[in-house]
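The values are calculated or read from the model by the stated rules, or taken from the named source; none is laboratory data. Computed from a predicted model, the values in this text were never measured in an experiment. Cβ sites come from the backbone with ideal geometry, for glycine too, and all protein chains shown count toward neighbours. Side chains are part of the model used for accessible areas, which takes the heavy atoms of the whole protein and leaves out ligands, DNA and RNA. Shrake-Rupley method; radii C 1.70, N 1.55, O 1.52, S 1.80 Å.
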Amino acid sequence: MPVRSSRGRAGAYRSVWQWPLRSPLRLAVTVVVLGALVFGLVTLGGQFGGGTSDGGLIAGGGQQGWDDGRSGVSATPTPTMLPPVAELTPEAIPPEQASPQALEVARVWASAWVNHPDGTTAEQWLAGLRPYTTDEFLGVLAGVDPANVPASRVTGQATPVRAAPRSVEVEVPTDTLRLTILVVDTDAGWKVSRYDRV
């Protein structure tokens, strides 16, 4: 029986690998067949490869432990539970327990707010408010024309509406409207951080 030369075997292998490249249809058939083979091998490996329900693989974070072989300590993850977190709500106090200093700051601030005789410049008006106003809110008030402030005098006492240990909402009546002023406790003392007209 004649023996094939090594050159003949090489030619046979070359023709096998060239067969899929001779037409697009052959290439597509080859890709489908190879894909089916790989899928089949993976599926069979999953069924026979291990006794776990996840295809023989142990996912990180499961209940199985592992041993690094050096420390002799199993590093099985242990579930942890954080303590319940209380809802973040402001601590309210009865309005009658509001800080007297906060009420006084609201009253003096309202008196400075209504103090704008004819010819008062914005700088002069702001200078009267500055000692009782937070820096942030003073920047907002810088855009106010004092001539547009409708009230001219305070007509009653500062009354706390809502209170917390470090903030008080105060109502101050004027001759044309009622001011609702928020006074907050800062490092520099009680200051007005907001007001609304009612």
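Could you work out the local net charge near A98, counting Lys and Arg as +1, Asp and Glu as -1, over the other residues with Cβ closer than 12 Å to its Cβ?
My count for the surroundings of A98 gives -3.
How much solvent-accessible surface does L27 expose, in Å² to the nearest 10, with a 1.4 Å probe and all protein chains in place?
Answer for L27: close to 80 Å² accessible.
Heavy-atom accessible area per residue, region 83-198, 1.4 Å probe: how many Å²?
Per-residue value: 59 Å².
Calculate one ³J(HN,Hα) per residue across region 172-179 by plugging θ = phi - 60° into the Karplus curve 6.51 cos²θ - 1.76 cosθ + 1.60, and present them in order as whole Hz with x for glycine and proline.
Going residue by residue, I get 10, x, 10, 6, 10, 7, 10, 9 Hz, with x marking Gly and Pro.
What does the charge add up to near T155, with Lys and Arg as +1, Asp and Glu as -1, over the other residues with Cβ less than 11 Å from its Cβ?
The answer is +1.
For L34, what accessible area in Å² do you get when you roll a 1.4 Å probe over the heavy atoms of the protein chains, rounding to the nearest 10?
Looks like 100 Å² after rounding.
How high is the relative contact order of region 121-198, in percent, counting Cα pairs under 8 Å that sit 6 or more residues apart?
On the way: 123 pairs, mean separation 18.8, N = 78.
Normalised by residue count, the contact order of region 121-198 is 24 percent.
Given H placed on each backbone N at 1.01 Å, which residues far from V161 in sequence or on other chains put an amide H within less than 5 Å of it?
E169, V170, E171
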